[in-house]
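Report on one structure; see the data block that follows.
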Amino acid sequence: MKIKNLTAFVAVVDAGMHAPRAAQALGVPLASIHSSLEKLEDEVGHPLIGRDVSPWRLTPAGELLLDEARRRIADSPASAPPRTTGGGKAKASKGTGRAPIVKGQPKPYKKRQGR
């Protein structure tokens with residue numbers, strides 16, 4: 001079982017069985033919460049949350065998994081934030097453009113060569 005899926009499951013339970021609040025607490029999209037729950041249910045083989053009633057409720061399988069999920073999350077090593085690599089192509093600085101022409105001063109840029 002992936003820690004990410006277990007974390008989503010525990011977050012939904014801790015948010016009072018309210019998936020949007022759990023998604024906001026984890027900082028992930030709501031669709032990610034639903035897909036994590038579906039993957040976890042497929043892996044376990046039983047529905048964990050009864051969604052057929054208006055306030056969602058934990059099923060007996062969900063109650064059994066809740067303690068196990070909390071223990072596994074606590075035992076897992078703290079994940080470091082993902083390292084970001086230097087990405088993208090380096091771009092040359094284009095400067096700030098031409099300097100303004102001041103009357104009586106030489107032009108601040110070279111003249112183009114004529115044909």
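The values are calculated or read from the model by the stated rules, or taken from the named source; none is laboratory data. Nothing here was measured: the structure is a model prediction, and the numbers come from that model. All Cβ positions, even for glycine, are placed from backbone atoms using ideal geometry, and neighbour counts span all protein chains on display. Note: areas computed on protein heavy atoms with side chains; ligands, DNA, RNA excluded. Shrake-Rupley method; radii C 1.70, N 1.55, O 1.52, S 1.80 Å.
Here's the yes/no breakdown for (1) touching an Asp or Glu at 6+ places or on another chain (Cβ under 7 Å); (2) touching a residue at least 24 places away in the same chain (Cβ under 8 Å); (3) of a type in the set (V, I, T):
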site: L6; (1), (2), (3): no, yes, no
site: V28; (1), (2), (3): no, no, yes
site: S32; (1), (2), (3): no, yes, no
site: S35; (1), (2), (3): no, no, no
site: P55; (1), (2), (3): no, yes, no
site: L58; (1), (2), (3): no, yes, no
site: R71; (1), (2), (3): no, no, no
site: P77; (1), (2), (3): no, no, no
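I'm trying to understand the selection: among the residues of region 43-66, which are outside any loop (DSSP other than H, G, I, E, B) and either surrounded by 13 or more Cβ atoms within 10 Å (Cβ to Cβ) or over 25 Å from the mean Cα position of the chain (by Cα) (or both)?
Scanning region 43-66 gives V44, I49, G50, R57, L58, P60, A61, G62, E63, L64, L65, L66.
Go through region 12-42 and give me each residue that's under 20 Å from D75 (Cα atoms) and either open to solvent by 20 Å² or more (accessible area, probe 1.4 Å) or not in a helix (DSSP H, G or I) (or both).
Answer for region 12-42, where residues must be under 20 Å from D75 (Cα atoms) and either open to solvent by 20 Å² or more (accessible area, probe 1.4 Å) or not in a helix (DSSP H, G or I) (or both): V13, D14, L26.
Hey, can you tell me all the residues within region 14-53 that are at pLDDT 90 or above, among the basic types (K, R) and over 16 Å from I3 (Cβ atoms)?
If the condition is that a residue be at pLDDT 90 or above, among the basic types (K, R) and over 16 Å from I3 (Cβ atoms), then R21 is the only one that fits.
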